[in-house]
Ligand code: ACO
């Protein structure tokens, strides 16, 4: 559990000590002092260097101990072997936040040194940012403690980056893209302070309208998920998460020492939190810039206006891809756009004002949706034509953009053509008008805007939990651990299902032939019989399973045969008995799983079950802190959901009980600390009202 933090002081300190400050231009210890001074930081700057003297007019102290007043932040810029002593002095002095720029810790295998530093700092109540970082910038306090850019363009995007080099590059690239920053922080190895802590500051920062995160690996998934969910409630969060591919994940591991988790899990959880995951740097920048300027859409009635059919079709495809809805009321569209559209144009959305349209026609057509209360967003397209008065292209866009902004209507432009068009894009982009060279780029921005607002309109952060008999589950685990096992036997797995209320086939363990007959008669024929032995994991291979047993005589025969086969298979196997189970009727086989993910914490999974799970890979994931609505969304994401709805004339299956079972599995994985993995496969689903049967349950446990 992390202690209470005051992240404000990290970004808006009253004083900073620069340990390893240097008077030699070109050294990092010099650049940090220079950037602090040139950035206009109004707090106290204390350069620390045993050689004393002055750096850029600031008195140099031999040691942090000599500083007369309190110190909020220290920046450590001495070689790794000197870092512990430097941090120790700062922590002893009571410095609240210590940012360690130095590299050479867990990212190169020096894990112990990193732990030693964090443990000491924590013991004194200090927090560590990094190591392996480039520093912190906050526009609010003119605090530039980075060693990179002296000039950072100020604006409304806050960047949290795990990679330092990429962060420095982003400072430059955002400036080129005319995106100003409200803050940027490099998190590096995140030995202590992580994204969740930094989100706390940028979410509250009034200057910040959009947050951009570059993430490689996630530590402490539950905190991350909670902080990210809280952030997207307040402002859009764009996430660049690398390590999608196997090689990419391996590269991340050797870069900041973090393991990138399974990408489909990360992807699902980012969506569940309402974050906007960008594919590329350029897409992330496009979104950040657009989202910091765009008004909130009032509804989801979008309109495309174009002078070319081809680009209109491309934009229509892009709308489908990015989830932008198109308005379809023909009467209204005709009413609004007929004055700007020739007879041979099209008044169906996309509105095609044809290749003959000049700037006046565009002005007329694009002014209409800005003021119409029937349309909520405009996607304006232009293909260069010989008839268009090209000197009026930029003024027309500027004018219609302003009309949209005046009425709070989001608009994007995609204009395609030669150098005049490309020049217009550069000019208008520098004025923050959302103009792109490709309709996909433009509509991807509109899609991001809709995803953010739609998510917040319908978001429900409540978490559903089921009542489970925790004591009964703990007892099963105690027994298995006492037996020296880290997995539960099949019947113990069924005990856990029973304790959680997940429907299971009738079953009982028989210790004798008479017992087996009694059990079978109580459960009802036909039954299945299976050996129960920790020494026989592959029961069928050992001849330890008998199916479709119809009567008493067959029970007797099967009992004797199983005992005989298993003894022959493994003479010293300890046999605890024979499980007599209900022979489960055919239904739709699904899988429900839950586990403690090393990065994301407790997660849950559902999808198509049976023996082809690995081949079909038709499963979806969520954080296990979810509600029934989210559980349904997860199931509905899989292709096999169609089977639950009732394919080929079959009745709909009992989706309600599937959702119950997902919530129950989630509750187990969240509440039972010693269960690490649950896999119920298959769980057979019957028609509505007839429930499910969890046939095979595998559970892994830890001490
Ligand atoms: N207290 C204060 N100052 C000290 C102390 C001390 N106990 N001991 C030494 N110093 C001084 C040195 O005398 C020196 O000052 P000088 O320039 O006046 O001689 C200064 O501290 C720095 O020490 P050096 O030994 O000269 O170390 P150097 O500057 O070469 O390297 C550094 C230090 C930059 C921290 C290096 O070890 C390092 O880690 N570099 C990588 C940094 C990095 O890239 N971080 C990740 C950023 S993100 C990204 O990927 C870009």
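Only one of the numbered conditions (1) at pLDDT below 95; (2) touching a helix residue (DSSP H, G or I) at 6+ places or on another chain (Cβ under 6 Å) is violated by residue 419, and that is (2). Please tell me if residue 331 is crowded, with 16+ Cβ neighbours inside 10 Å and in the same structural domain as residue 451 (by TED's automatic domain parsing). So residue 331 fails the test. Of the residues making up segment 643-675, those that are more than 20 Å from residue 691 (Cβ to Cβ) and modelled with pLDDT of 95 or more are 669, 670, 671, 672, 673, 674, 675. The residue list 175, 158, 149 contains one member that is away from the ligand (no atom under 16 Å from the Cβ), modelled with pLDDT under 95 and either more than 22 Å from residue 17 (Cα to Cα) or surrounded by fewer than 23 Cβ atoms within 10 Å (Cβ to Cβ) (or both), which is 175.
Could we say that residue 556 is touching a residue at least 40 places away in the same chain (Cβ under 8 Å), within 23 Å of residue 514 (Cα to Cα), surrounded by fewer than 18 Cβ atoms within 10 Å (Cβ to Cβ) and out of contact with any helix residue (DSSP H, G or I) (no Cβ under 9 Å at 6 or more places or on another chain) here? So residue 556 does not fit the description; no. Scoring residue 115 on the criteria (1) more than 9 Å from the ligand (Cβ to nearest atom); (2) in contact with a helix residue (DSSP H, G or I) (Cβ under 8 Å, 6 or more places away or on another chain) leaves a single failure, condition (2).
Residue count for segment 129-144 satisfying the condition of being outside any strand (DSSP E or B) and either away from the ligand (no atom under 12 Å from the Cβ) or free of Cβ contacts under 8 Å to residues at least 60 places away in the same chain (or both): 6. Checked against the criterion of being free of Cβ contacts under 8 Å to residues at least 60 places away in the same chain, crowded, with 16+ Cβ neighbours inside 10 Å and in contact with a helix residue (DSSP H, G or I) (Cβ under 8 Å, 6 or more places away or on another chain), the candidates 318, 370 yield just one match: 370. Considering each residue of segment 320-327 in turn, at least one proves to be within 15 Å of residue 438 (Cβ to Cβ), at pLDDT 95 or above, in a helix (DSSP H, G or I) and within 32 Å of the chain's Cα centre (by Cα).
Considering segment 83-107, the residues that are over 19 Å from residue 71 (Cβ atoms) and touching a residue at least 40 places away in the same chain (Cβ under 8 Å) include one that is farthest from the ligand (Cβ to nearest atom), namely 106. Residue 550 meets each of the listed conditions (1) free of Cβ contacts under 8 Å to residues at least 40 places away in the same chain; (2) over 41 Å from the mean Cα position of the chain (by Cα); (3) closer than 28 Å to residue 675 by Cβ apart from (3).
Restricting the search to strands (runs of 3 or more DSSP E) fully inside segment 1-111 and requiring at least 3 residues that are touching a strand residue (DSSP E or B) at 6+ places or on another chain (Cβ under 8 Å) and closer than 22 Å to residue 192 by Cα gives 15-19, 73-76, 97-100.
All conditions but one from (1) farther than 30 Å from residue 234 by Cα; (2) assigned by TED's automatic domain parsing to the domain that holds residue 315 apply to residue 482; the one that does not is (2).
Within segment 185-199, the residues that satisfy the criterion of being within 12 Å of the ligand (Cβ to nearest atom) and free of Cβ contacts under 8 Å to residues at least 60 places away in the same chain are 186, 187. Going by the conditions given, is residue 35 touching a residue at least 40 places away in the same chain (Cβ under 8 Å) and assigned by TED's automatic domain parsing to the domain that holds residue 131? Yes. Only residues that are in contact with a helix residue (DSSP H, G or I) (Cβ under 8 Å, 6 or more places away or on another chain) and either closer than 18 Å to residue 125 by Cβ or more than 7 Å from the ligand (Cβ to nearest atom) (or both): list them for segment 64-82, please. Within segment 64-82, 64, 65, 67, 71, 72, 73, 74, 75, 76 meet the criteria. Taken over segment 392-419, the criterion of being more than 36 Å from the chain's Cα centre (by Cα) and either not in a helix (DSSP H, G or I) or not assigned by TED's automatic domain parsing to the domain that holds residue 448 (or both) is satisfied by 417, 418. Selection of helices (runs of 4 or more DSSP H) fully inside segment 601-687 by the criterion of at least 3 residues being surrounded by fewer than 23 Cβ atoms within 10 Å (Cβ to Cβ) and in contact (Cβ under 8 Å) with a residue 12 or more places away in the chain returns 628-636, 655-671.
The values are calculated or read from the model by the stated rules, or taken from the named source; none is laboratory data. Everything numeric here is computed off the predicted structure, so don't read it as measured data. Cβ atoms come from the backbone with ideal geometry, glycine included; neighbour counts cover every protein chain shown.
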